[in-house]
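Data first, discussion second: the structure below is written as structure tokens.
Every number here is computed from the coordinates shown, using simple stated rules; none is lab data. Everything numeric in this text was worked out from a predicted model, so none of it was measured. Note that each Cβ is placed from the backbone with ideal geometry, even for glycine, and that neighbours are counted across all protein chains shown.
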Amino acid sequence: MYLRSLTLKGFKSFPHRTRLEFGPGISVIVGPNGSGKSNITDAVLWALGEQSPLAVRGQTMRDVLFAGGAGVPSASVAEVEVVIDNSDGRLQSDFSEISIVRRLHRSGEGEYRLNGARCRLADVLEVLSDTGLGKEMHSVVSQGRVEQIVMSRPRERRLVIEEAAGLGKHRKRRHRAQLKLERTRANLERLLDIEREARTRLRPRRRPPGARRPFPGRRSCRAPPRPFPLGLSPSSWRP
Ligand code: ATP
């Protein structure tokens, strides 16, 4: 599995469609200061779902759109495609290539695509968590980040090591499961409130006029009120 290609259009200093192809092993991008080398790593990070403008060296996310210059008008859309080669089948996917596209319009509207199909950011992150790539996976280590990791506190360094070891994916799943449990608990409490409310409205049945009284001294064998079944409206419920 390796990064096969990166295509940029309207992203930072790349107003025109620019495709970079990579092979297995190490690739090096060389260029003078300010020629756009870091914009390339920004593009990878951005396409993989980065949500912080600061992480891609901007103030707002719109700063990734080509701002115009040298007779070229500013871009109305920024688009980056990352293609990951999976011909060795390391990823659990039927595809030999995984294409991730992220687009951002100047209006603020954005979209993601996985192998051409429109998807949510969560789907991209899910695929990436299986690849070991992604925002917190240390697949992109920018200038100064190594120093930051070395100087960080033990707890922060532990998180970095856990992410690199692939534990982050399970931590995120646990967090999602906990949120679901909390929502279910809240729903259950609401239902119990409704049940309690419905019970207060239930009255014991009146004896019709002329009906015989129960034999004196004999215990009533009327069953206690049954619980209010979920899904039945209070008005339709008869004990
Ligand atoms: P260094 O080696 O100094 O770190 P670099 O090669 O990594 O530099 P980058 O920082 O990637 O260079 O690119 C900086 C260039 O990108 C600047 O010329 C800047 O004007 C240009 N640039 C950044 N954002 C945009 C944008 N939104 N629109 C147009 N150009 C941009």
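Points to keep in mind about this one:
- If you go through the stretch 43-63 and keep only what is within 17 Å of residue 82 (Cα to Cα) and among the aliphatic types (A, V, I, L, M), you end up with 43, 44, 45, 47, 48, 56.
- Set 186, 198: member being among the small types (Gly, Ala, Ser), in contact with a helix residue (DSSP H, G or I) (Cβ under 6 Å, 6 or more places away or on another chain) and in a helix (DSSP H, G or I): 198
- Of the residues making up the stretch 153-169, those that are touching a helix residue (DSSP H, G or I) at 6+ places or on another chain (Cβ under 7 Å) and either free of Cβ contacts under 8 Å to residues at least 40 places away in the same chain or more than 17 Å from residue 128 (Cα to Cα) (or both) number 4.
- Candidate set: the stretch 1-42, residues that are among the hydroxyl-bearing types (Ser, Thr, Tyr) and in contact with a strand residue (DSSP E or B) (Cβ under 7 Å, 6 or more places away or on another chain); chosen: the one farthest from residue 84 (Cα to Cα): 18
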